[in-house]
Amino acid sequence: MKKTTLIIMSLLIFLSLLLGACAGSQVSNGLAPEAPSEDKGEDSWSYDETTGSEESYSDGTGGITGAIDRMMIYNANLEIAVIDPDEVMQTIIAMAEAEGGFVVSSNSYKTYSNDRTLPRAEITVRVPAEKLEAIMEDIKALTPNPAEDVISENVSGSDVTSEYTDLESRLRNLEAAEAALVALMEDARDPEDVLAIFDELTYYRGEIEVVKGRMKYLEESADLSALTINIVAKESLQPIEIGGWQPQGTAKRAVESLIEAVQFLGDAAIWFGIYCLPFLIPLGIGAYFLIRLIRKRRTAKKAGKVEVIEGSEKES
């Protein structure tokens, strides 16, 4: 009987490998199973409500009428600054639930900086993928000034079409092996054969549950996008103040004082050129000739004294 059991197990393994090879060939060629249709001469479409994809079928002439839609999982992160983070968090919870989503996690806490207590909140929600963009816009509109108070925004997408298709193929193979084992168990008479088949059947049923669980997770992730929002107090974005001293404010005042000094000097130069020069130019010219006249007289006096001294020396 043990030899018979080994033969049966070998046949089951061979059957599973054969089914896997056939399914893999269909997936690699990009073809989906042909759907039954009463009229093969017309194009036929099928929409899989579970995966949200359109499968392509033959149109009767060897052509393909369509391609499988991609299964995408979108996740988003948003960081905003508001006046009251706790109030905004409650608003986001109500908004997500109203759109058919739910709260995954929420956390409200306080941070301490420069003797100040600042509230902060973080929340993760699941919302319908088709409404993700609209909900993000509504959340940004909760800020006092969306142009300045939206600190960061990120949306990422992941294509899981290939993984989901592989899971479908694997599920078909596992279910076929399960059905074959059930048929063998019904025909088995030896207790050892029954126990051996039961062990294999338990293994395959466990694998089926694992595959179905993964497929359900991918379906739910594609239908409901994860949105994580970090909510900070707008007050935390103010300049740093240490003991009443604000470096940023001091630098600003210094620049303003410098500009004011330059403006004052410019105004003084304009007033001097327009108001004072018309009076100063004639005065300057008169002062110039007066100084020249005084210098000439001094020179003439010095020359007279020299002549007197020379005359007295000659007489002696």
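Here the condition is being closer than 30 Å to Lys140 by Cα, at pLDDT 65 or above and assigned to a helix (DSSP H, G or I); of Ser225, Ser221, it holds for Ser221 alone. I'm checking my understanding of the structure. Among residues of region 64-82 that are within 20 Å of Tyr217 (Cα to Cα) and at pLDDT 90 or above, which one is farthest from the chain's Cα centre (by Cα)? So, considering only residues that are within 20 Å of Tyr217 (Cα to Cα) and at pLDDT 90 or above, the one farthest from the chain's Cα centre (by Cα) is Met71.
If you go through region 186-213 and pick out every residue that is under 30 Å from Ser156 (Cβ atoms), surrounded by fewer than 16 Cβ atoms within 10 Å (Cβ to Cβ) and touching a residue at least 12 places away in the same chain (Cβ under 8 Å), you end up with 1. In region 128-150, the residues that are closer than 15 Å to Glu79 by Cβ form Cβ pairs under 9 Å with partners that are of a type in the set (Ser, Thr, Tyr), at six or more places apart or across chains, as follows: Ile139/Thr91; Leu142/Thr91; Asp149/Thr143; Val150/Thr143.
May I ask you to verify whether Pro128 is within 17 Å of Lys234 (Cα to Cα) and in contact with a helix residue (DSSP H, G or I) (Cβ under 9 Å, 6 or more places away or on another chain)? Criteria not met by Pro128.
Got at least one residue in region 284-298 being assigned to a helix (DSSP H, G or I) and modelled with pLDDT under 75? No - not one qualifying residue is present in region 284-298. Selection of helices (runs of 4 or more DSSP H) fully inside region 83-160 by the criterion of at least 1 residues being over 18 Å from the mean Cα position of the chain (by Cα) and modelled with pLDDT under 95 returns 85-98. Taking (1) over 60 Å from the mean Cα position of the chain (by Cα); (2) at pLDDT below 80; (3) not basic (Lys, Arg) in turn, Ile281 satisfies each apart from (2).
Checking the structure you have, find out if any residue of region 242-265 is modelled with pLDDT of 85 or more, outside any helix (DSSP H, G or I) and surrounded by 10 or more Cβ atoms within 10 Å (Cβ to Cβ). No.
The values are calculated or read from the model by the stated rules, or taken from the named source; none is laboratory data. Treat the numbers as computed from the prediction; the structure is a model and nothing was measured. Cβ sites come from the backbone with ideal geometry, for glycine too, and all protein chains shown count toward neighbours.
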